1. Can you tell me which of (1) buried (at least 16 other Cβ atoms within 10 Å of the Cβ); (2) among the β-branched types (Val, Ile, Thr); (3) in contact (Cβ under 8 Å) with a residue 40 or more places away in the chain; (4) closer than 18 Å to Thr115 by Cα is the one Val25 doesn't meet?
2. Among the residues of region 1-41, what is the count of those that are of a type in the set (Val, Ile, Thr) and modelled with pLDDT under 95?
3. At pLDDT below 95, of a type in the set (A, V, I, L, M, F, W, C), surrounded by 13 or more Cβ atoms within 10 Å (Cβ to Cβ) and within 30 Å of Val25 (Cβ to Cβ) - does that describe any residue in region 138-150?
4. Tally the residues that are surrounded by 15 or more Cβ atoms within 10 Å (Cβ to Cβ) and either part of a helix (DSSP H, G or I) or outside the structural domain of Thr130 (by TED's automatic domain parsing) (or both), restricting the search to region 151-181.
Amino acid sequence: MLQDEPFEPEVISSDVAYRGAVWNVRDDRVRYGDGEIRRQYVAHTGAVAVVALDEHERVLLIQQYRHPIRHRDWELPAGLLDVPGEEPLHAVQRELGEEADIVAEHWEHLVSAWTTPGGNDEMIHIYLATGLSDSDRHEREDEEADIRVEWVPLAEVADAVLAGRLHNGILAIGVLAAERRLREQRSHEEP
């Protein structure tokens, strides 16, 4: 069976090279093979994202400014696992409410993925949410203050990802996983 393999080389030293407001950058020296390697990476809290799908198989997308890429990209509602001890499911439920003023009746884990394993240790947990309804309006600040919200057919979003018009990796993983999950559910329902 194809799967990632844990590997724990000896860490000779591990220091905080930079302490940031949200994340720190670590500087590690690791014994590897006959020598050692040095790597710097962002020590990340982890994150969650949600494919919120309505009864017409439209997915909720948000667009907001992301400074590192200098774009207002289309994304799934998402957020950090920045509350100590909070379970990913509770975090993603909170994020859907905070970013889109939506609650969901049904939640299903779709996939978990490392976002950029060569540069950070972020693991994101992506969920499928259905049975959607409106919730209380949340106040938004910074990049979230001018979030644009759109409901787009799931197949159209998947096509845009594969055509190279949408580049957000978390969006791509979540939408393609949701599309596959729905296809599998339909195949089990057919006589």
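1. Just one mismatch for Val25, condition (3).
2. Within region 1-41, residues that are of a type in the set (Val, Ile, Thr) and modelled with pLDDT under 95 number 1.
3. Yes, region 138-150 contains at least one residue that is at pLDDT below 95, of a type in the set (A, V, I, L, M, F, W, C), surrounded by 13 or more Cβ atoms within 10 Å (Cβ to Cβ) and within 30 Å of Val25 (Cβ to Cβ).
4. Number satisfying all stated conditions: 16.
The values are calculated or read from the model by the stated rules, or taken from the named source; none is laboratory data. None of the values given here were measured: they were computed from a predicted structure. Because the Cβ atoms are built from the backbone with ideal geometry, glycine has one as well, and the counts that use them run over all protein chains shown.
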